[in-house]
Amino acid sequence: TRYFTITDYPTGTPERELFKLREEALAELAEGEVRVRNAWLSVDPYMRGRMSGVKTYIDPFELNAPLQGAAVGEVIESRDSRFAVGDKVRHMGGWRDIAQLSADQVEALPSIEVPDQAYLGVLGMPGMTAWTGLNIIAEMKEGDNVLVSAASGAVGSLAVQLAKAKGGTVVGIAGSQEKLDWLEARGVKAVSYKGKNAEQLTAELHDACPDGFDVYYENVGGDCLVAALNNLRVGARIAVCGMISRYNDTQPVEGPANLAMILVRRARMQGFIVFEHWDNYARFLEEVGPLVAKGEIEYEETVEEGLEQTPDAFLKLFTGANKGKMLVRL
Ligand code: NDP
């Protein structure tokens, strides 16, 4: 197997040289194990947290060991009765070409007719995150005005479409003209954050939705959060999904100076980790799966080719080079 590892925990934005490609012969398959040829690897912003060497809600990556991440592939050898050669599966043995895992850590792909890699994106963890944040955490109601940051990404692009389906005004924050156009074409009012301070962003969000927001789906932090807080309606709910603008910080930064807007607007702000809501996954698939299969919910992918590109694909998440789900095809 060829796999990526790191030999040190980085501070700040990781350098490409941090990631080392290694090759190793796999042991013979043990009873209860399967061997999978990966076809698609997922890279996700949360992986940066696992590179910090600190236990958060999840253990840090082990140095010199294969990195982990979601992957989809085909079983090429099995010593477990639940899986046969040729089965399409999903598992966490990503960042490598061939994964050898306990069959307990492997699941068959669901049967909804979508391309396999959709189970890493719109019908996988990011999609489930969008659905959970909006419905379970922010308790979005019919007609709510909804603001989403990183709105054209894997999570954000589903969040805006789900919000649009039952919302009032939906506004998305994104970083490039192409992304803004994609949002506008789906009836989402798009606001760019690039080159703007919190005051300017506050004014633009107000112009886009003068009545203010009932829900803020937070993916970014920093000035986006400040501007969102300034535009909350009374009783607003903020689902804190991520704060990607902070993940490469080298020093603690001060929180938003206008946090008191939570009080003024009697708002609620709640963080969540999607894995703790996984018992809802079947419900999510039932609700969103058919809409994706019918093309009523759309999704974008940015695909990098070849295992060697995995670190680059990951690093591009922090420059916004991805539109929709960032994937690596092997
Ligand atoms: P995306 O597909 O949205 O990719 C990341 C995007 O973030 C980039 O394309 C870029 O878009 C934007 N971005 C990057 N750096 C900055 C910055 N400094 N300021 C503003 N925007 C930035 O990733 P995901 O959809 O996978 O993840 C989105 C968020 O959801 C992340 O914060 C992630 O950590 C979080 N998450 C949380 C989970 C949970 O369980 N709580 C589970 C999964 C994801 P642009 O060009 O618009 O700037």
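Values in this text are rule-based calculations from the coordinates and carry no lab data. Just so we're clear, the structure is a prediction, and the values are computed from it rather than from any experiment. Positions of Cβ are generated from backbone atoms using ideal geometry, with glycine treated the same way; all protein chains shown enter the neighbour counts.
Taking Cα pairs under 8 Å and at least six residues apart, what relative contact order does the chain come out at, in percent?
It comes to 17 percent, rounded to a whole number.
Using θ = phi - 60° and the Karplus form 6.51 cos²θ - 1.76 cosθ + 1.60, what ³J(HN,Hα) does each residue of region 217-225 get, whole Hz, x for Gly and Pro?
With coefficients 6.51, -1.76 and 1.60, one gets 9, 8, 10, 10, x, x, 5, 4, 5 Hz.
With a sphere of radius 11 Å drawn around the Cβ of P290, what net charge do the other residues whose Cβ falls strictly inside it have (Lys, Arg +1; Asp, Glu -1)?
Within the 11 Å Cβ shell, the charges total -3.
If the convex hull of the alpha-carbon atoms of the chain is projected onto planes in all directions, what is the mean projected area in square nanometres?
For the chain, averaging the hull's shadow over all directions gives 16.3 nm².
Rg and Dmax of region 125-275 over Cα atoms: what are they, in angstrom?
In Å, with Rg to one decimal and Dmax whole: 13.8, 41.
Please list, in order along region 159-170, the HN-Hα scalar couplings obtained from phi with the Karplus expression 6.51 cos²θ - 1.76 cosθ + 1.60 (θ = phi - 60°), rounded to whole Hz, x for Gly and Pro.
4, 5, 6, 5, 5, 4, 4, 10, x, x, 7, 10
Amide H to amide H, which residues 5 or more places from D97 or on other chains are under 5 Å from it, using H placed in the peptide plane?
R2
Name the residue, out of T132, T13, T202, whose mean-square fluctuation peaks in a Gaussian network model built on the chain with Cα pairs under 10 Å.
The residue with the greatest mean-square fluctuation here is T13.
What is the gain in length, in nm to one decimal, between E184 and A321 on full extension, counting 0.36 nm per residue of separation less the C-alpha to C-alpha distance?
Full-extension gain reported as 47.4 nm.
Note down the relative contact order for region 125-275 as a percent, whole number, built from C-alpha pairs under 8 angstrom at least six residues apart.
About 23 percent, as a whole number.
Which distance in Å, rounded to a whole number, links the C-alpha centroids of region 192-267 and region 1-31?
37 Å
Taking every alpha carbon pair in region 235-330, what does the distance histogram look like in 10 angstrom bins from 0, in percent?
Values per bin, smallest distances first: 12, 24, 36, 23, 5, 0.
Give me the net charge of K196's neighbourhood, meaning all other residues with Cβ under 13 Å from the Cβ of K196; Lys, Arg count +1, Asp, Glu -1.
Net local charge, K196 excluded: -3.
When the dipole is taken about the Cα centre of region 125-275, and only Lys, Arg (+1) and Asp, Glu (-1) are charged at their Cβ, what size is it in debye, to the nearest 20?
That gives region 125-275 a dipole magnitude of about 300 debye.
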